[in-house]
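What follows is calculated from the coordinates using simple rules that are stated; it is not laboratory data. This one's a predicted model, so the numbers in the text were calculated from it and none came from an experiment. Here the Cβ positions follow ideal geometry from the backbone for every residue, glycine too, while neighbour counts run over all protein chains shown.
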Amino acid sequence: FVSDNVKEVLGLMPSDEIDEMKGFADLGFDSLMVITLRNRLQGAIGKEAVIPASALFDYANVVNLSLYIAEQLH
C-alpha cells in the first residue's frame, strides 16, 4: 500500500521496483512530494489513524512508515 503510493507520487509505473529501505530523500522526494504522499496515505486510511506531517521524516523509508501505519491501525 505505501510502496504503491510512493511509486505513484514519484511518477513510476506499478511494475517499477523501488528499494523500500532507501530513505524518501534518496528515492527523489522533495518537500512537496512528502506532503503529497502523506495526504494520499491519510486520505486512504481515513480517521482510523493519524499520520503526522513529520511521519515521513520520523519513519524515513517505506518499510518503517508501513510499520508505523500498521501499528496505528491496530
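With the convex hull of the Cα atoms taken as the outline of the chain, the averaged projected area works out to 4.4 nm². The chymotrypsin sites (Phe, Trp or Tyr not before Pro) of the range 1-44 that DSSP puts in a loop, and whose beta carbon has at most 14 other beta carbons within 10 Å, are Phe1.
Each residue of the range 18-23 is assigned a 3J(HN,Hα), and the resulting list reads 10, 7, 5, 8, 6, x Hz, derived from the Karplus form 6.51 cos²θ - 1.76 cosθ + 1.60 (θ = phi - 60°), x at Gly and Pro.
In a reduced charge model with +1 at each Lys and Arg Cβ and -1 at each Asp and Glu Cβ, the chain shows a dipole moment near 280 debye about its Cα centre. Highest mean first, the peptides 31-38, 55-62, 8-15, 43-50 sorted by other C-beta atoms within 10 Å per residue fall in the order 55-62, 31-38, 8-15, 43-50.
Here each label is just a point 7 Å from Cα along the line to Cβ, and for Asp4 and Asp58 those points are 2.6 nm apart.
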